Amino acid sequence: MLKQTVWGSLELHHYPDALAVVRASSPEQPVILNRPHAAARAARFFVDKFPGRSLYAVKANPSPDLLRVLWNEGVTHFDVASIAEVRLVRETLPQATLCFMHPVKTPSAIREAYAAHGVRVFSLDSLEELEKIVTATTGDDGKAAEDLTLCVRLRVSSEYSELSLASKFGCDLTEARDLLQATRQAADSLGICFHVGSQSMSPHAYVQAMDRVRAAIVDASVLVDIIDVGGGFPSIYPGMEPPPLEDYFAIIDRTYESLPVSYSAELWCEPGRALCAEYNSMIVRVDKRRGTELFINDGAYGALFDAAHVGWRFPVKLLRDDTMVDITGALEPFSFYGPTCDDMDHMDGPFELPAVIKAGDYIEIGMLGAYGAAMKTAFNGFGSTDVHVANDEPMASQYRGDRRDPRVSDNVVSLR
Ligand SMILES: Cc1ncc(COP(=O)(O)O)c(C=O)c1O
């Protein structure tokens, strides 16, 4: 059986589903399952239906295999936030367009990105950062770069989102006029970008943000070439059932059309979560049961960072190959402990699982493609993982065409 580490690129073994992996190998350590077909479907959806250009925010999941899947479906632009991400994407996809969208960068990162990796798009939210970018991209002959696309990041509300991005980055409207005017002088192409926060549960978040963009443009009286509405497009998790993505796209399109921008302006978005949430699930083993607490072999320092630190609930499924026990019976709320020695390695859930669950059982945890598989560390000696491909459907999908049907349950029990 072929094995590899999470980001390796050996050819992977394909299984029909998670239960088949358990049957074949009774895995000792957690197993990440890739679903390239789900990521490909998400990419096609954005490429076909978003009324502009879709960049992939690499931060959400930097797996080279995933980057290649997205590229093959027509995602050509990548939002990178560190020089390591710049190098990774350049090495994996030599033809890709890279956009360095972290508003606070080191001069050496900007210099390397511009001179060695062909990066021309940068974001900023202060005059200091503008000066840094201009200096770092000025040639040895003292000539300033004439090919920069500079995107000014505006601070907008995160009130409709599950994870706020409203504090750390973005300039306020009071600062935007000076910054937009100064950036216009230095840029060949001027953009305005924002982020409404991750897992935005209402399309209205983008309307509010675009109202701010409009006010900033009018106040600064500058010609704007790009409006980048950022990420924030939601996926489906227990207790979080957002409206269909088409509703988001329609409202963004309408609002964008009414903005006072250049006649040849472009609309961009930078989804992370929505493109990769469905890409991964993980198989974990129950090492101990104590009442309604399950001790499992991955946790807060692994792919379940969000479950531990922001109380995110992921869908779960018992993988029991046992026809003698009715595992479709009553569900009970469980919490998880991860494998490290920390009390903090705890995930409240609740995770609804059959009452019969016991040590030695396996659980599949779904929707871990975004900010899940990417978060794994080797803390306390844990973190080794096998990786395989699963051919079945992710536990939930924005892209199956059945999004308007009410969902029966947040938790799914294997019926085999
Ligand atoms: C600048 C930027 N763009 C895009 C994203 C992706 O956001 P999401 O995963 O919510 O779509 C992030 C995530 O933090 C980000 O910081």
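The values are calculated or read from the model by the stated rules, or taken from the named source; none is laboratory data. Fair warning: this is a prediction, and the values are worked out from it, not measured in the lab. In this analysis, Cβ positions are derived from the backbone assuming ideal geometry, glycine residues included, and neighbour counts consider all displayed protein chains.
Structural remarks
- Within region 158-219, strands (runs of 3 or more DSSP E) holding 1 or more residues that are touching an Asp or Glu at 6+ places or on another chain (Cβ under 8 Å): 189-193, 198-200
- The lone exception for Val229 - which of (1) in contact with a His (Cβ under 9 Å, 6 or more places away or on another chain); (2) in the same structural domain as Leu318 (by TED's automatic domain parsing) it fails: (2)
- Single residue of region 367-416 satisfying the filter (acidic (Asp, Glu) and farther than 11 Å from Asn280 by Cα) that is modelled with the lowest pLDDT: Asp410
- Some residue of region 222-243 being in a helix (DSSP H, G or I), within 16 Å of the ligand (Cβ to nearest atom) and modelled with pLDDT of 95 or more: no
- Filter result for Val31 (buried (at least 24 other Cβ atoms within 10 Å of the Cβ), in the same structural domain as Ala378 (by TED's automatic domain parsing) and farther than 30 Å from Ala166 by Cβ): yes
- Of all positions in region 249-263, at least one carries a residue that is among the hydrophobic types (A, V, I, L, M, F, W, C), assigned to a helix (DSSP H, G or I), assigned by TED's automatic domain parsing to the domain that holds Pro62 and crowded, with 22+ Cβ neighbours inside 10 Å.
- Residues that are more than 16 Å from the ligand (Cβ to nearest atom), in contact with a Leu (Cβ under 9 Å, 6 or more places away or on another chain) and not in a loop (DSSP other than H, G, I, E, B) within region 270-306 comprise Ser281, Met282, Ile283, Val284, Val286, Asp287, Lys288, Leu294, Ile296, listed in sequence order.
- For region 329-343, the count of residues that are modelled with pLDDT under 95, part of a loop (DSSP other than H, G, I, E, B) and farther than 13 Å from Phe295 by Cβ is at least one.
- Some residue of region 25-32 being modelled with pLDDT of 95 or more, touching a strand residue (DSSP E or B) at 6+ places or on another chain (Cβ under 9 Å) and within 15 Å of the ligand (Cβ to nearest atom): no
- Positions within region 184-203 being of a type in the set (Gly, Ala, Ser) and within 8 Å of the ligand (Cβ to nearest atom), in sequence order: Gly197, Ser198, Ser200
- Unique match (being within 16 Å of the ligand (Cβ to nearest atom) and more than 21 Å from Phe100 (Cβ to Cβ)) among Tyr206, Tyr263: Tyr206
- Only a single criterion out of (1) within 13 Å of the ligand (Cβ to nearest atom); (2) part of a strand (DSSP E or B); (3) touching a residue at least 60 places away in the same chain (Cβ under 8 Å) is not satisfied by Ala42, namely (2).
- Of residues in region 264-280 being in contact with a Pro (Cβ under 9 Å, 6 or more places away or on another chain) and of a type in the set (Gly, Ala, Ser), the one surrounded by the fewest Cβ atoms within 10 Å (Cβ to Cβ): Ala274
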